[in-house]
Amino acid sequence: MELHRIFLNYFIFGRDSLLSVQDLWRYCVPFDEFRQQYGTIIMNGGTGEYSDNRMLLPYHGYWVYMT
């Protein structure tokens, strides 16, 4: 599988943006370039605060960890 570069001009759910690697990604970590710190992780199949139903924001960076 290949993870394609996605340019988001709109909000999209974490799980929907990673459909091409849905069984391979474990968690996604947002990075705030202005504060220079990481945000709360989004876990594949996660619930609550770590839910993969959270929105990814346009023009923000994310690290995607895969197995």
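With a 1.4 Å probe rolled over the protein heavy atoms of all chains, the accessible area of Asp16, Asp32, Asp52, Asp23 falls in the order Asp23, Asp16, Asp32, Asp52, largest first.
Heavy-atom accessible area for Glu49, with the other protein chains in place and a 1.4 Å probe, reaches approximately 110 Å².
The values are calculated or read from the model by the stated rules, or taken from the named source; none is laboratory data. Remember, predicted model here, so these are calculated numbers, not experimental data. These accessible areas exclude ligands, DNA and RNA; they are computed on the full protein's heavy atoms, side chains included. Shrake-Rupley method; radii C 1.70, N 1.55, O 1.52, S 1.80 Å.
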